[in-house]
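Worksheet: one structure, shown below.
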Amino acid sequence: MQTVIKNADIYVGDGVVQNGYIRFDKKVLGVGPMDEYTPQEADENVVDGSDKIVVPGFIDVHTHGGYGIDSMDDDSVKVNEMICQEAKNEGITSIFPNTVTQSASNISQAMKVLKVVAQENPVMQGIHLEGPFISAEYKGAQPEQYITNPDAGLLKEWNELSGGLIKVITYAPEQSGAADVESYCQAHQIVLSVGHSSAKQAQLEQSKAPHITHLYNAQRGMHHREPGVTGETLLEKKFYTEIIADGYHVAPDMIDLAYRLKGADKIELITDSLRAKGMPEGVSELGGQKVIVKDHQARLENGHLAGSVLEYDLAFKNIINFTSCSISDAVKMTSYNQAQEFNLESKGELKAGKDADINILDRELNLEATYSCGRLLNSSDPSTS
């Protein structure tokens with residue numbers, strides 16, 4: 001079915017068309033200003049986008065779950081449903097489900113399950129392997145008993161079990177065996193991401209990683225005699241960096257600092273969400289550990305933050321509130337950058353030939369409708385139905 005949204009401000013990824021239209025079926029067919037708009041006989045559904053904002057579907061490259069389901073649950077039907085809920089409720093149209101540090105056999109099984117999910121759900125675009133190749137010193141909420149040194153053989157096994165779906169791996173480059181993992185990743189187009197790491201500046205400079213996992217959290221922090229992971233990330237233009245913009249993992253002013261130093265071109269918003277997202281507050285779980293959710297925060301029994309309950313559409317609003325950035329910059333941090341870094345060639349832009357992954361927002365930036373490859377997933381606006 002061919003759809004047109006007209007009279008809207010359309011943020012195409014690297015720019016904006018004011019008072020424009022977008023025509024699409026499964027793919028974007030055309031975008032332009034309204035003075036160039038001509039109705040077509042094939043336009044079956046015409047949506048009035050007056051006072052609306054149209055942006056590319058969000059891309060979350062770091063989420064453990066939501067809506068009562070975890071990415072590592074041994075049930076492809078449930079994991080598929082989790083991804084559908086994240087798309088419908090939050091506007092996420094491309095997603096990398098995360099693993100958590102577990103036994104090798106549990107991770108192997110997760111790879112098999114996620115391979116099945118990817119065959120059934122086009123929203124799933126890859127896997128983020130977080131752990132077990134991390135530092136116990138900065139384990140955060142990762143179960144320490146399963147942490148191990150980087151092992152290229154294990155990584156090869158997991159990647160093959162997944163059908164080559166691993167797109168990014170969080171690792172500690174200072175650990176023994178990291179060089180072999182780096183070589184494997186570079187040969188198989190897997191993005192290396194430094195996280196849960198005690199690396200010092202010199203070790204980061206020697207690493208092959210272009211990406212940083214959840215800036216500020218679970219990493220060697222900045223010190224006046226040692227920049228650490230945080231300082232080196234803020235200093236070096238080469239690093240893309242994730243940020244959890246919930247206002248709890250990172251203070252809003254520190255998010256603003258990162259935005260001022262890195263700019264919109266190198267920040268990627270993530271949720272790092274748990275199965276507790278979208279559920280009532282109370283007791284939940286991560287990797288076999290008890291998690292207590294209270295006041296919009298998820299914590300282990302020892303008080304450590306354990307991922308988030310952040311929904312992605314709120315992250316979009318938060319980054320604008322925390323940094324006073326433009327909507328165009330927020331679009332870069334929520335879709336365009338991810339598509340560029342991970343070579344998601346049909347994602348992250350609203351241009352002819354790209355997938356019709358589209359979010360419609362009102363002027364207060366509330367999510368009103370989401371299309372995934374041209375299919376309407378949800379709508380709070382009767383005109384889109």
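A few remarks follow.
- Taking the conditions (1) touching a Lys or Arg at 6+ places or on another chain (Cβ under 8 Å); (2) surrounded by fewer than 19 Cβ atoms within 10 Å (Cβ to Cβ); (3) within 29 Å of Arg299 (Cβ to Cβ) in turn, Ser197 satisfies each one other than (2).
- When Ile320, Ile267 are checked against the criterion of being buried (at least 20 other Cβ atoms within 10 Å of the Cβ), closer than 28 Å to Gly13 by Cα and touching a helix residue (DSSP H, G or I) at 6+ places or on another chain (Cβ under 7 Å), a single residue qualifies: Ile267.
A quick yes/no check of all residues on (1) under 30 Å from Gly303 (Cβ atoms); (2) in contact with a Leu (Cβ under 8 Å, 6 or more places away or on another chain):
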residue	(1), (2)
Leu154	no, no
Trp158	no, yes
Ala172	yes, no
Asn217	yes, yes
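- For the range 1-10, a residue qualifies if it is in a strand (DSSP E or B) and among the hydrophobic types (A, V, I, L, M, F, W, C), and the qualifying residues are Val4, Ile5, Ala8, Ile10.
- On the stretch given as the range 117-162, residues that are outside any loop (DSSP other than H, G, I, E, B), touching a residue at least 60 places away in the same chain (Cβ under 8 Å) and of a type in the set (Val, Ile, Thr) total 0.
- Within the range 107-122, tally of residues that are crowded, with 22+ Cβ neighbours inside 10 Å and more than 16 Å from Trp158 (Cβ to Cβ): 0
- Apart from one condition, Thr99 fits all of (1) in contact (Cβ under 8 Å) with a residue 24 or more places away in the chain; (2) surrounded by fewer than 19 Cβ atoms within 10 Å (Cβ to Cβ); (3) not hydrophobic (A, V, I, L, M, F, W, C); the exception is (2).
- Any chance Val291 is out of contact with any Ser or Thr (no Cβ under 8 Å at 6 or more places or on another chain), among the β-branched types (Val, Ile, Thr) and either in a strand (DSSP E or B) or at pLDDT 95 or above (or both): no
- The set of residues in the range 277-308 that are small (Gly, Ala, Ser), out of contact with any Lys or Arg (no Cβ under 9 Å at 6 or more places or on another chain) and within 12 Å of Ala141 (Cβ to Cβ) comprises Gly287, Gly288, Gly303.
- Selected residue [in a loop (DSSP other than H, G, I, E, B), closer than 24 Å to Gln340 by Cβ and either polar (S, T, N, Q) or at pLDDT 95 or above (or both)] from Lys167, Lys208: Lys208
- Test: residue in the range 50-57 that is over 23 Å from Ile270 (Cβ atoms), among the polar types (S, T, N, Q) and in contact with a strand residue (DSSP E or B) (Cβ under 6 Å, 6 or more places away or on another chain): yes
- Residue check for Ile360: at pLDDT 95 or above, assigned to a strand (DSSP E or B) and under 14 Å from Phe58 (Cα atoms): yes
- Count of the range 48-71 residues, restricted to those that are surrounded by fewer than 24 Cβ atoms within 10 Å (Cβ to Cβ) and touching a Ser or Thr at 6+ places or on another chain (Cβ under 6 Å), is 1.
- The residue pairs whose first member lies in the range 68-88 and is more than 15 Å from Glu311 (Cβ to Cβ), whose second member is of a type in the set (Gly, Ala, Ser), and whose beta carbons are closer than 6 Å, counting only pairs six or more residues apart or on different chains, are Ser71/Gly65; Met72/Ala110.
- For the range 9-52, the tally of residues that are hydroxyl-bearing (Ser, Thr, Tyr) and more than 18 Å from Leu361 (Cα to Cα) stands at 2.
- One residue stands out in the range 80-96 among those that are out of contact with any Asp or Glu (no Cβ under 8 Å at 6 or more places or on another chain) and of a type in the set (D, E, K, R): the one that is surrounded by the most Cβ atoms within 10 Å (Cβ to Cβ), namely Lys88.
- All told, Ser326 meets the bar of being at pLDDT 95 or above, assigned by TED's automatic domain parsing to the domain that holds Ile190 and not aliphatic (A, V, I, L, M).
- Residues of the range 11-37 that are surrounded by fewer than 21 Cβ atoms within 10 Å (Cβ to Cβ) and outside any strand (DSSP E or B): Asp14, Gly15, Asp25, Lys26, Met34, Asp35, Glu36, Tyr37.
- The residue of the range 108-119 that is nearest to Ile190 (Cα to Cα), among those that are touching a helix residue (DSSP H, G or I) at 6+ places or on another chain (Cβ under 6 Å) and of a type outside the set (S, T, N, Q), is Met111.
- Of all the residues in the range 235-257, those that are hydrophobic (A, V, I, L, M, F, W, C), surrounded by fewer than 22 Cβ atoms within 10 Å (Cβ to Cβ) and part of a helix (DSSP H, G or I) number 3.
The values are calculated or read from the model by the stated rules, or taken from the named source; none is laboratory data. Only a predicted model underlies this, so the values are computations on that prediction, with no experimental measurement involved. Neighbour counts are summed over all protein chains in view; Cβ atoms, including those assigned to glycine, are modelled from backbone coordinates with ideal geometry.
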